1. Please return the longest stretch of chain A lacking exposed loop sites, where chymotrypsin sites (Phe, Trp or Tyr not before Pro) count only if DSSP places them in a loop and at most 12 other Cβ atoms lie within 10 Å.
2. Can you give me the Cα centroid spacing of the range B:17-58 and the range B:464-504 in angstrom?
3. Exceeding 30 Å between C-alpha atoms, which entries from my cross-link table qualify? They are B:Lys267/B:Lys522; B:Lys18/B:Lys468; B:Lys95/B:Lys522.
4. Please compute the Cα-Cα pair-distance distribution of the protein assembly as shown with 20 Å bins starting at 0, giving whole percents from short to long.
5. Specify the longest stretch of chain A that does not include any exposed loop site, a site being one of the GluC sites (Glu not before Pro) with a non-H, G, I, E, B DSSP assignment and at most 16 other Cβ atoms within 10 Å.
6. Roughly how many nanometres apart are two label points built 7 Å out from the Cα toward the Cβ at A:Phe287 and A:Ile90?
7. If R₀ is 35 angstrom, what is the calculated FRET efficiency for the pair A:Phe182 and B:Asn184, using the beta carbon separation as r and rounding to 0.05?
8. Can you tell me the orientation of helix B:117-130 relative to chain B, as the angle in degrees between its alpha-carbon axis and the longest Cα principal axis, to the nearest 10?
Amino acid sequence: MFDKLYYQDKGLFLQSFHPAAVLAYLFVLLLLSLLYDNPLYLLSLLLLLALLIRGVDGFEAWEGFLKAGVFLMLVVMAVNPLVIRAGATIIWHGPDVPFLGRLDISMEAMYFGAVSGLRLLVIMSVFCLYNLMVNPDNVLNLFSRAAGKSVLMVALATRMFPTMVRDLKRIKEVMQFRGVDFEEGSMWERVKKYSCLYNVMLLSSLEDSMEIAESMQARAYGSGRRSVYSRNQPRPRDYLSMGASLLALFAAAWGLHNGCGRYAFYPVADALVSDIPTLAALFVVLFYLFVPLILSEGCKYCRFIKSKI
Amino acid sequence: MPLYKVENLTYYYPEAEKAALKDITLIIEEGEFILVAGGSGSGKSSLARALAGLIPDFYGGRVGGKVYFQGQDIRTMDRGKLAREVGMVFQDPEKQIVQTHVEAEIAFGLENLGLDNEEMQRRVAEVVCFMDLKQIRGAFTANLSGGQKQKLALASVLAMQPRVLVLDEPTSQLDPVSAEDILNLVKRLNEEMGFTVIMIEQRLDRCYHLADRVLLMEKGRIACDGSAREVARKTSRDGAPFLPPVARFFAGIEAPSLPLTVKEGRKLLRSCIIIERDMVLRPAAGKVGDSPADLAARGSAVCLKNLWFTYTGGQEVLKDVSLDVGEGEFVAVLGENGAGKSTMLRHLTGLLRPDRGTVQVLGKDVGRNGFKEIRRHTAYLSQNPNDYLFQDTVEDELLFTLKNFGLKDTSVVDEMLDRFRLVQYRRTNPRDLSSGERQRVALASVLVTSPGLIILDEPTRGVDFRLKAELGRFLRHETVKGRTVIVVTHDVEFAAEYAARIVMMSSGRVVSDGEKHEVLGKSVFYSPQLGKMCRGICDGVLTFSEARERIYPLLGNGAAADEGQGVMM
C-alpha cells in the first residue's frame, strides 16, 4: 500500500540526475518556500512542483500529501483568525471569550492562514518529490566517504525494516494461534501481550545480527580502510541543473533584497503584483528552476539535446 | 604445496565443554570439489568456518592445532588478504545481505578490500553478467526472492575473486528450482573457472554426484574421507544414512556397483532384473493410506470449496481451490514458490478470509468467524521454530500455550516433554538448544492442547535426515491416533516417504490431488529419486520399503557386473 510513497526506479529522465544535483535543487526549492511570503510566488512554486511530480509519474503518491496538506491548510485557516487580531478587514464580530478577548475574524488573518497552509503544501510537495525522484541508496552513497559507518548502519536498517515487518506479522500470527488475543484485555494486559511479541523479535534479531556480522567479517569488513563504490557519474544535465539551482538562489536573494517576494498581510494585505520587478524576479527565478523540466522535455523531443546531456 | 593443510585441529566454542572439532587432519588440493556431509552437530559448519578463518577469529573459544593456507598459518594472515582468497556463503540468504540495492551489495566486499572505483565497476559488471543478474541489478534487496537473494550472496563473494568457495548449506532455505540453479552455478565455477569448492549439504541427492571428494563427519571428527564413490562404498555397509537415496537402495543388496545418480541407478537396475511386462504397470504393494471407501467413511477435518482470493495489490493467488481432507489423513502440499500453498494455508487457519468460497475446519466455518473458532483445536508450526521461543525455560514455553487457552491440567506438559525427549531440558532456556531441539520445543508448545489438526509449513528446511525421519514418524503416528496432518513442503522425498496423500498446486490452482502413488508416480519432476529410478521399470515405487519389497526379490540371479558405471562393491 505504501509502495507508491517510496522511490521506484521507473527509468524516467527526472530520476536520472546525480543525487547531489537533486539535493541542491530540492534544497533551493525548500529554502525559497520558506523565504517567500508572496502567495503568487508560493503558488508558482506549487505549480512547478506539480509539473515535476507529474514528470516522475507521482500524482498518485502526491494525492496523499495533498489531502494531508489541504487538511492542515484548513486547520491553520480556522485557527489563525482566532488568535490573530492584526487584520483591518473584519468580516465577523464574535463574542468576548475569556483569555482570548473579542473574537473578531479578519479577512487578512484568514488570508494569512491560507497562505501558511499553501507554504506547508509546497514544503510537503518538496519532500514528496524527494521520495519519488532520488534513490535513497544513491543519496547514502553520496555521504559514504564522509560517514561510511553511519551510512552502512542506515542502509542495514533500511534493508532490515521490511524483513522485520514481515517477521513481526508472522510471529503475531504464531502467538494468536497459541491463544494470545492482542485486542482483548485491559491496557496493561495488552501491553504485556505485545511485550511477548517484541521479546521474540528482539531475541531473534540478536541471533540474526550475529549471523549478519559473521557474513560481513567473511567479506573483509573491518579489515582495513574501505573505499567507496560510486555508481553515480555526473553528466552535463547534472552540471546544468546545479548551475541553474545556484542561479535561481542568487536571483531569489537579489529579489528578496529588493523586496520582490516579500508580502505584508497586516493590517491590510498587499497587492499580489505591486510592480514590474516583482513579476520579473519571479520570472527569472522560475526560469532557472524550470531547467530540469526543460531538459526533460528537450530529451523527449530533441535528439540533439538528448545526445548532449 | 597443498591449498589447505589442517593439522590436529581441535576447537571448543566459548563456554562449551564438548569439542566441536576433534583432532582434524586434512589436506585439500587446489581445484577440488569437496562435499562435507554428516548429521546435525557433527562439526561440518565448524570445519567450514575454520577453513574460512572465522574460527576462532569471529567466535572466540579455545583452539588447538593449525590450519595452513598455502603454507601460511591462517591465523597469521591478514584478514583482507584471506577474504581475497577464501569466500564463504552461508545458509540463510536473509542473514547475509547488508545493502539495500543489488549492485551495492555486490560491491560491499570490494569496498571492504579498499579497491578503486574503476576496478570495482569492472568486477561488478563481470559478476552481474556471469550470474545473469541484469534484471535485478537495481532492485531493492528486501524485495528479492529467496533464490535471488542466495544468488546475490554468491555474487557478492565471487566479486572478490576468491580461489576457494566455502558454502554452508547454500540451498537449505530454497525451493528445488532455486536450489538447482545455485548448484549448477557452483558446478560451473568448479569446472569452468577452477574454483576450489568446499560445500556442506544435507540434501545429498542434489549434489553427491557433483563432488570429487566427500568428507563424512561424525562427532567433530572426519569419519570417512575419499572420492564420492569410495566414501559411498565405505559407508554403504553402515545403514548408509549419508548417501543419496539411489545409492542407499543399492547399498542394501549385493549389487556389482553402487550408482550415485538416477541415470546410473536405472542402468544398473535394468541390468540386474528381468522386467516382466505386467510389473511395470502393477501398483505398489505397500501403499500407505486408505482406500477411497475408507476415506469416505471418515469425517471431514478440512473442507475448502471453490476458494478464490486476490491480494490488495491485485494479484490473484487462489483460483477456485477445492479440497476435502478427512480426519486422520496425512496430506503433503507441494508446488513451486508462488503457487498459492501458503495462502491456502493461511485460509485454512483463518488468518485470511476468502473473496469467494467457503472454508470449513473441524466442522466450523472459518471464513466467517476467523481463526479464533478453531485455534484451540489446531496446531500451527511456522517455518521458523524461533518464532515460538521467548520464555525462560522449555517448560514455561509449553505452559504459556496452556495458560492462554485456560487449560488447567498441566500433566500434559510432562507427557509432551517425555514424548519429544525434552525432559532433560525442562529448565533450560529454549534459545540455548540446537536447531533440532528448538523445533521439538516449538512443536511441543503447539501440541499441548491436543489438537485435532496439525499444520506445518516447511518443517524439514535445514533439518538433517535423522530429525526428518523422527518428525515423519511422529506425524504418521499422530494420524494413526485420528489427528489430521497437513504439511506444506518442497521436500518431495519427505512427502513420498511419510504422507499418504499429495496435493499439488500451481498458479493458484490444485492441479493434482490424490493418493501419493497416483500423484508422484505420474510426475517426472515432483518425484522422489527412487521413483525416478524405477519409472518405467517398476512403476509405483516411491519409498525404500516399497523398493525393497518389490525389487529385492527379483535380484540376485541376474546381477550383471557393469564396470563402467558405479563403484565395485
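1. Between exposed loop sites, the widest span is A:100-309.
2. Each part's Cα centre sits 32 Å from the other's.
3. In this structure, B:Lys95/B:Lys522 exceed 30 Å between Cα atoms.
4. 12, 36, 32, 15, 4, 0
5. My reading of the result: A:1-182 is the longest stretch.
6. Calculated label separation equals 4.8 nm.
7. With a Förster radius of 35 Å, E is 0.20.
8. Its long axis makes an angle of about 50 degrees.
Each reported figure results from applying straightforward, stated rules to the coordinates on display, with no laboratory input. Keep in mind it's a predicted model, so treat the numbers as computed, not measured. Cβ sites come from the backbone with ideal geometry, for glycine too, and all protein chains shown count toward neighbours.
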